[in-house]
Amino acid sequence: MRDKKGKSLIKFADDYCVIDIETTGLDFDCDIIEISALKIRNGEIINKFSMLVNPGYEIPEFITELTGITNDMLSECENISPVIKDFKNFIGDDLLVGHNIVAFDANFIYDNLLRNTGEALSNDLVDTMRLSRWILPELEHHRLLDVCSHYGINQDIQHRGLSDCENTYKIYNLLKETCGKNYSGLDNFYEYVDSRLKKKYKKGLRASDIQTNNTEFDVSNPLYGAVCVFTGTLEKMTRREAMQIVKDLGGDCKDSVTQKTNYLILGNNDFCKTIKDGKSSKQKKAEKLQLEGNDIQVISENVFYEMAEIE
């Protein structure tokens, strides 16, 4: 449990750092291969940080296809230890803004910073993917590419750290403008979303076997409004118990991976087998949908517990 991790905030700030990482895979026993950041003061970019990282082994072909980062590009780069120290010096104690930062980027940085320096990443966080889901509910998907396309932002370069930081910075400002224009501020929109999803659950839109008696939800939780699918054997609880947690947090559960799935949650034992012996059909479908442009994340059991704030 990352007990010193900063708070996830719903906030538009003038001073902050935008961050983004690329990794060798989709779970936290994988490694960072690129880490980037922009320092923002009074709403303007004043400094940039970007470094490739040598993980010490060849990266999978799937990651090269996704990011364009090759083994040749990484062969003469430094390992994570000096890079993560320089990165922390750059971001300091700033508020961190990123796209899917809460469930992904911040956890990788937290683990690597703690492992290499003994220091935890305690910076507070703002996730633009979550902001987009609330402020642009009309979008079918909320990946960085989708939000940039909505706002007419050019994305010639995708899944590279500095480019993704720059586009996240742009959409953060544009989401603020949209929120101010359409809802006269974030607080009014927050109340609107809470009311809208309460009505959804009153209509009985729940998973077939799992129900919740909750009528009020914490909309800042990343599982709120998310469609989740479980696969494999969970170590800490039964799948039914895990599905109940999702429902109680205002999310939904399905039995199969589809284009509407937001998170595929892999049981820890199942994930280890996946790494050694190939991938389950659900994970293969999730990765295929991801490459096709769908808004889906593959996460481990431990990441799920962190998102659900379970120790």
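The values are calculated or read from the model by the stated rules, or taken from the named source; none is laboratory data. Everything quoted here is computed from the prediction, not taken from an experiment. All Cβ positions, glycine included, derive from the backbone under ideal geometry; neighbour counts span all protein chains shown. The area values use the complete protein model at the heavy-atom level, side chains included, leaving out ligands, DNA and RNA. Shrake-Rupley method; radii C 1.70, N 1.55, O 1.52, S 1.80 Å.
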Got a sec to turn the phi values of the range 102-111 into Karplus ³J(HN,Hα) couplings, 6.51 cos²θ - 1.76 cosθ + 1.60 with θ = phi - 60°, whole Hz, x for Gly and Pro?
5, 8, 10, 3, 5, 5, 4, 5, 4, 5
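Please compute the per residue accessible area over the chain with all protein chains in place, 1.4 Å probe, rounded to a whole number of Å². Write down the numbers at each step before the final one.
On the way: 14540 Å² over 311 residues.
Here the per-residue accessible area is 47 Å².
Subtracting the Cα-Cα distance from 0.36 nm times the residue separation, let me have the gained length for LEU66 to LYS288 in nm, one decimal.
Working it through step by step, the gained length comes to 78.8 nm.
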Inter-probe distance in nm under a simple model that places probes 7 Å from Cα toward Cβ, at SER149 and SER75:
3.6
Figure the gain on full extension for THR215 and LYS11 (residue separation times 0.36 nm, minus the Cα-Cα span) and round it to one decimal in nm.
71.0 nm
Along the range 8-15, what does the Karplus equation 6.51 cos²θ - 1.76 cosθ + 1.60 (θ = phi - 60°) give for ³J(HN,Hα), rounded to whole Hz, x for Gly and Pro?
8, 10, 9, 7, 10, 10, 9, 10
Hey, rough spin-label estimate for GLU177 and ASP3, points 7 angstrom out along Cα→Cβ, what's it come to in nanometres?
4.5
What net charge do the residues around THR258 carry, taking every other residue with its C-beta under 15 Å from that of THR258, with Lys and Arg at +1 and Asp and Glu at -1?
0
Which of LYS247/LYS282; LYS5/LYS288; LYS170/LYS284; LYS85/LYS279; LYS5/LYS247 exceed 26 Å between C-alpha atoms? The answer is LYS5/LYS288; LYS170/LYS284; LYS85/LYS279
From the coordinates shown, Rg and Dmax of the Cα atoms in Å corresponds to which of [x] 18.9, 58; [y] 20.3, 64; [z] 33.2, 123
[x]
Portion, in percent, of the accessible area of the chain that falls on carbon or sulfur, probe 1.4 Å
44
